[in-house]
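The structure under discussion appears below in the form of structure tokens.
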Amino acid sequence: MRYKMIAGNWKMNHTNQTAKEFLKELGDLSDVQDRVVICPPYIALQDMVELSDVPIEIAAQNVHFKDTGAYTGEVSVEMLQDIGVQMSIIGHSERRQYYNETDEALKEKVLKAVQKDFEVILCVGESLEERESGQAEAVVKRQLLTDLELIESDSTHLVNIAYEPIWAIGTGKSATNEDAESMCRFIRETIEERFGKEAGETMTILYGGSVKPETIDGLMSEPNIDGVLVGGASLNPESFLRLIHYKK
Ligand code: PGA
């Protein structure tokens, strides 16, 4: 099903204690129809799962592609599911950039996730240099086709895509509504080409990169943008509440 999703990526921010306070401050959101996702650091996942109420879903920021083994510092899908987490971001540009995460590794992560009936928010997006040289669509298409190479169309309901141009992340310089819409439409077309019309029509595609309370309404009014993945503006309850209650 194609739903709307407001997702907060906390990155390496908030302790377990401040995460719990954040949830309390959000208060009752039971009237919200959209999916609301918070991705805290691993350390806060379990308490947040226990304390959060509908519609809030708690997701991880990364996950490994093996079940168990000698992978120091890593966490598996099964470990997340064991504490009630059913979704993870994967392929965030910060992971690609600082931890050398490659599309080759990401396709294994997507495969493992869908095999375990676990949902992903797969991030794709071009650098400034790539955009300026007219390669943005080619880069995003290559990322999508490689990262999703090992799955079939009967698993695409477990995949959400976040278009996050690298130059817009944490810079205060968001893509324009038109550019974000245009790339999200292109992503939908690419999904359709690869997995069929239904997969394209039903896939939830998010935009991320300097989304703020002041900019969300316009983004959410675009036909191919089904939601947002928000870093900085998701860290404070007031700002996150405003994002959740964007104007329809
Ligand atoms: P930002 O981060 O909203 O702080 O730009 C977005 C993201 O990295 O997901």
(message) Nothing charged except the Cβ atoms of Lys and Arg (+1) and of Asp and Glu (-1): what's the magnitude of the dipole of the chain about its Cα centre? Round to the nearest 20 debye.
(response) 280
(request) Please give every one of the lysines within straight-line cross-link reach of LYS141, meaning a C-alpha to C-alpha distance under 19 Å, and leave out same-chain neighbours fewer than 8 residues apart. (result) LYS107, LYS109, LYS197
(message) Let me understand the chain better: what is its radius of gyration from the alpha carbons, and its Dmax, in angstrom?
(response) 16.8, 48
(request) Collect residues whose amide H, placed 1.01 Å from N in the peptide plane, falls under 5 Å from the amide H of GLU126; neighbours closer than 5 in sequence don't count. (result) ILE166
(message) Probe radius 1.4 Å, ligands and nucleic acids ignored: give me the carbon and sulfur share of the accessible area of the stretch 95-195 as a rounded percent.
(response) 44
(request) Report the accessible area of HIS157, computed with a 1.4 Å probe over the heavy atoms of all protein chains in place, in Å² rounded to the nearest 10. (result) 110
(request) Pop out the ³J(HN,Hα) list for the stretch 55-70 in order, Karplus 6.51 cos²θ - 1.76 cosθ + 1.60 with θ = phi - 60°, rounded to Hz; leave Gly and Pro as x. (result) x, 6, 10, 9, 10, 8, 9, 6, 7, 8, 9, 9, 6, 8, x, 7
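Could you tell me which GluC sites (Glu not before Pro) in the stretch 54-153 are loop residues by DSSP with no more than 12 other beta carbons within 10 angstrom of their beta carbon?
GLU152
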(request) Mind telling me which of THR171, THR156, THR204 comes out most flexible in a GNM of the chain, alpha-carbon contacts under 10 Å? (result) THR171
(request) Determine the relative contact order of the chain: mean sequence separation of Cα pairs under 8 Å and six or more apart, normalised by residue count, in whole percent. (result) 20
(request) Work out the P(r) tail for the stretch 116-248: percent of alpha carbon pairs separated by more than 25 Å, whole number. (result) 24
(message) Given a 10 angstrom Cα cut-off, can you work out which residue in LYS212, LYS11, LYS116 is the most mobile in a GNM of the chain?
(response) LYS116
(request) Please give, to one decimal in nm, the separation of the simple spin-label points placed at TYR3 and LEU241, each 7 Å out from Cα toward the Cβ. (result) 2.3
(message) Restricting to DSSP H runs of at least four residues, report the calculated mean residue ellipticity at 222 nm for the chain, -39500 (n - 2.57) per run over all residues, nearest 500 deg cm²/dmol.
(response) -11500 deg cm²/dmol
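DSSP loop (so not H, G, I, E, B), at most 11 other Cβ within 10 Å: list which GluC sites (Glu not before Pro) in the stretch 173-248 pass both filters.
Numbers: sites: GLU178, GLU181, GLU189, GLU192, GLU193, GLU198, GLU201, GLU214, GLU238; in loops: GLU214.
Of the GluC sites (Glu not before Pro), the ones in loops of the stretch 173-248 whose Cβ has at most 11 other Cβ atoms within 10 Å are GLU214.
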(request) Give the relative contact order (percent, whole number) for the stretch 96-227; include only Cα pairs under 8 Å separated by 6+ residues. (result) 25
(request) Write down the accessible area per residue of the chain in Å², having rolled a 1.4 Å probe over the full set of protein chains. (result) 46
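How do VAL114, VAL37 stack up against each other in accessible area, from largest to smallest, with a 1.4 angstrom probe?
On the way: VAL114 20, VAL37 0 Å².
Largest accessible area first, the list is VAL114, VAL37.
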(request) For the chain, with a Gaussian network of springs between Cα atoms less than 10 Å apart, report the residue from GLY125, GLY73, GLY84 with the top mean-square fluctuation. (result) GLY73
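The values are calculated or read from the model by the stated rules, or taken from the named source; none is laboratory data. All values derive from a computational prediction rather than experimental measurement. Positions of Cβ are backbone-derived with ideal geometry, glycine not excepted, and every protein chain shown enters the neighbour counts. Note: accessible area is taken over every heavy atom of the protein model, side chains too, but ligands, DNA and RNA are not part of it. Shrake-Rupley method; radii C 1.70, N 1.55, O 1.52, S 1.80 Å.
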